[in-house]
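Structure record follows, encoded as structure tokens.
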């Protein structure tokens with residue numbers, strides 16, 4: 001399941017709802033991404049997340065389907081926020097549930113790694129030096145490349 | 001053809017979305033980019049280095065040799081930075 005929204009989410013409530021009633025689930029893994037208050041030595045006052053409505057949903061559905069193809073997941077959830085966010089605010093939630101922990105851990109990591117390099121979101125940082133579009137990091141490409149199946 | 005620009009491509013071209021009719025000689029993404037560069041100095045600057053521009057045709061990632069047609073939605077944007 002995927003969701004794109006401006007408003008905040010409650011990770012505990014989301015996790016409970018995702019696995020409620022499913023007794024096959026033995027392990028749940030989750031990742032929460034937050035806005036940092038610092039970037040390259042400059043203080044970040046806020047961050048605005050822009051996205052490509054339509055393609056974002058399509059791409060996240062695709063990434064989610066790929067995780068279900070690769071691991072025996074009982075359930076999964078991606079929530080990604082957009083709009084203006086302050087330091088400390090939640091940006092993204094990834095939850096994966098499986099019978100055993102390894103699939104849950106691996107799929108969770110896969111989802112956030114792939115999302116970071118494929119889902120069409122862009123971060124605009126509001127720093128003391130002015131507004132700046134965040135540049136993609138080579139480290140994120142490397143993290144995503146680990147999951148490539150050639 | 002609908003062309004969409006995101007993030008700094010939007011600020012450099014000065015436009016978020018435009019409805020255009022490229023000449024018939026434009027048949028693929030590469031040809032479209034070359035034609036778009038001629039629209040304004042802002043377009044030329046935004047599309048100068050295709051190493052930092054990603055392309056989607058009808059909301060799917062596409063390469064420079066991907067064909068384009070009049071009803072397509074083409075999006076141009078920098079490498080993504082979500083998560």
Of everything in the stretch A:1-42, what is surrounded by fewer than 13 Cβ atoms within 10 Å (Cβ to Cβ) and assigned to a strand (DSSP E or B)? Give them in sequence order. A:5, A:34, A:38
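Please pick out the residue among B:36, B:47 that is touching a residue at least 24 places away in the same chain (Cβ under 8 Å), closer than 23 Å to residue A:56 by Cα and under 11 Å from the mean Cα position of the chain (by Cα).
Of the residues listed, the single one that is touching a residue at least 24 places away in the same chain (Cβ under 8 Å), closer than 23 Å to residue A:56 by Cα and under 11 Å from the mean Cα position of the chain (by Cα) is B:47.
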Given the residues A:71, A:122, A:133, which is the only one that is touching a strand residue (DSSP E or B) at 6+ places or on another chain (Cβ under 9 Å) and more than 10 Å from every other protein chain (Cβ to nearest Cβ)? A:71
Hits in the stretch B:1-26 - residues which are touching a strand residue (DSSP E or B) at 6+ places or on another chain (Cβ under 8 Å), in a loop (DSSP other than H, G, I, E, B) and over 16 Å from residue A:133 (Cβ atoms): B:1, B:15, B:20
Among the residues of the stretch A:13-34, the number that are without any contact (Cβ under 8 Å) to a residue 40 or more places away in the chain and farther than 21 Å from residue A:102 by Cα is 3
Only one of these conditions is not met by residue A:54: (1) more than 22 Å from residue A:141 (Cβ to Cβ); (2) more than 8 Å from chain B (Cβ to nearest Cβ); (3) surrounded by fewer than 20 Cβ atoms within 10 Å (Cβ to Cβ); (4) modelled with pLDDT of 95 or more. Which number is it? (2)
Checking B:26, B:57 in turn, the sole residue that is surrounded by 14 or more Cβ atoms within 10 Å (Cβ to Cβ) and either within 14 Å of chain A (Cβ to nearest Cβ) or at pLDDT below 95 (or both) turns out to be B:57
Within the bounds of the stretch A:101-119, is there any residue that is in a loop (DSSP other than H, G, I, E, B), at the interface with chain B (Cβ under 9 Å from one of its Cβ atoms) and either modelled with pLDDT of 95 or more or under 20 Å from residue A:41 (Cβ atoms) (or both)? yes
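The values are calculated or read from the model by the stated rules, or taken from the named source; none is laboratory data. Please read all numbers here as calculations on a predicted model, not as lab measurements. Please note: Cβ atoms are built from the backbone with ideal geometry, for glycine as well, and neighbour counts cover all protein chains shown.
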